[in-house]
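The values are calculated or read from the model by the stated rules, or taken from the named source; none is laboratory data. Note that this is a predicted model, so its numbers are computed, not measured. Every residue, glycine among them, receives a Cβ derived from its backbone with ideal geometry; neighbour counts consider all protein chains shown. All accessible areas refer to the heavy atoms of the entire protein, side chains included, with ligands and DNA or RNA removed. Shrake-Rupley method; radii C 1.70, N 1.55, O 1.52, S 1.80 Å.
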Amino acid sequence: MNNNIKVLLWGVYSPWTINFIENFLLKNNYEVWMLNRGKKKEYDKYIQFYKQKGIHLIEVPEIVSEAYDRKEQGNFFTDWYSHFLLLKAVIKSGPYDLINMQYVECFDLMDVVILRYVMKTRLILSYWGSDLLRVEKNKLSRMSIFVRCADLVTFDNKDLKIVFKKTYKCTESLPAKIAFFGLPILDIINEKCKKEEKENLRRKWGVPEDKKVIAIGYNGIPEQQHKKILGVIGRLEDNYKEKIILLLQMSYGGTRGYRNSVIAMAKKVGFECIDIQHFLTNEEVAELRIITDLYINAQVTDAFSGSICENLFSDTVLINARWLRYKEFEMYNFKYLEFENINEINFLIKKAFNQKIDVIGNKQLVWKLRSWEHCSSKWEEIYGKMCEKYRERK
């Protein structure tokens, strides 16, 4: 337990940030400081959580919040002045034993590197996935001068580390660690499975006993390729369609127009569906994982995401694109179905309908890799070593 370590967590407003704070930082008694710079109504629930949990919030001038909420470049001098004011506010709140940037963005990266040198502290950059996989190459290239100023880089899976090393060849000497985020949903799934029958949960979500739930993707961005998949499974025979309920979980990402067009297409090609466009509680997410029979994963790119792990943990049959062959699949004996061409999906759906697919062992593997029970010690080791080096230098 670390009662005297002061951490500046430079994070985005996200359930993953809350997950990290609640299940690692607070449970290990770190003194946590964060910026309070977003004024949009959608951020209120996060600010409320931080205040309830005793997180120290660094208040910034209105001009800083406006620049953050705008999410795009404005007037050159105004933007740089807002960065100056932000840095001034953070420096005033310091010093810190450690700065951990969770989700690496260009201008924020520049700010934390300046703080690292001005405050003479240690900097950890933690990549989540899309901050590396879905950023333009020229933008990543411009960030390289700042990336190599970090003291350590962490990744949520092995694929991200490989991409990072290929992208930033100048960082060979930069220490890099795989540190999974724990998934609190796993504990909730375990508890629900002990207390409640799966059929009761299916009835709660309006799923008849004779139907299978097939989930497509886990958010509302076009890169999930919802429409391509619907175009293929829309060719299934009616005797299969009538036994299927599609689960379209599009709680975040993408435009409302895109999400509505996906729902309209699902109905047009002949499927009943459960469509979700609101944010879910962890309890609700756990229930959806439990009632899902098959999960189709055909994203353009992906890391070994939490949603994939949660489905594997729930004994869902994963139908996975070969181009998303995660390093973890090569290292561990996960059991799933695989397609090379998206047109092969219907064959695999029929196979899952007509025979029992072996998923034994997936649950235990995911627990070992992604439960906070196992992940917390890795983060504790990383934070401990960084803080030791910082204090030795002081």
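Overview of values
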| read-out | value |
| --- | --- |
| Any hit, the range 260-268, residues being surrounded by fewer than 22 Cβ atoms within 10 Å (Cβ to Cβ) and outside any helix (DSSP H, G or I) | no |
| Hits in the range 5-40 - residues which are without any contact (Cβ under 8 Å) to a residue 40 or more places away in the chain and of a type in the set (S, T, N, Q) | N29, N36 |
| Number of positions in the range 193-208 that are in a loop (DSSP other than H, G, I, E, B) and within 17 Å of I244 (Cβ to Cβ) | 4 |
| Tally of residues being modelled with pLDDT of 95 or more and of a type in the set (D, E, K, R) across the range 243-258 | 1 |
| Residues being of a type in the set (D, E, K, R) and more than 18 Å from F329 (Cβ to Cβ) - total across the range 339-370 | 3 |
| Of all residues in the range 271-324 being touching a Lys or Arg at 6+ places or on another chain (Cβ under 8 Å), at pLDDT below 95 and in a loop (DSSP other than H, G, I, E, B), the one that is least open to solvent (accessible area, probe 1.4 Å) | F304 |
| Test set (1) modelled with pLDDT under 95; (2) open to solvent by 10 Å² or more (accessible area, probe 1.4 Å); (3) not acidic (D, E) - G220 fails condition number | (2) |
| Members of the range 145-189 that are at pLDDT 95 or above and of a type in the set (S, T, N, Q) | T154 |
| Residue match in the range 156-163 (condition: free of Cβ contacts under 8 Å to residues at least 60 places away in the same chain, closer than 22 Å to C387 by Cα and surrounded by fewer than 21 Cβ atoms within 10 Å (Cβ to Cβ)) | no |
| Residue pairs meeting the criteria (Cβ under 6 Å; at least 6 apart or on separate chains; first without any contact (Cβ under 8 Å) to a residue 24 or more places away in the chain and over 14 Å from I114 (Cα atoms), in the range 76-102; second part of a helix (DSSP H, G or I) and β-branched (V, I, T)) | S82/I63; S82/V64 |
| Residue list for the range 123-138, restricted to those being over 21 Å from N157 (Cβ atoms) and open to solvent by 40 Å² or more (accessible area, probe 1.4 Å) | E136, N138 |
| Tally of residues being in a helix (DSSP H, G or I) and open to solvent by less than 70 Å² (accessible area, probe 1.4 Å) across the range 164-186 | 8 |
| Any hit, the range 359-381, residues being open to solvent by less than 30 Å² (accessible area, probe 1.4 Å), assigned to a loop (DSSP other than H, G, I, E, B) and touching a helix residue (DSSP H, G or I) at 6+ places or on another chain (Cβ under 7 Å) | yes |
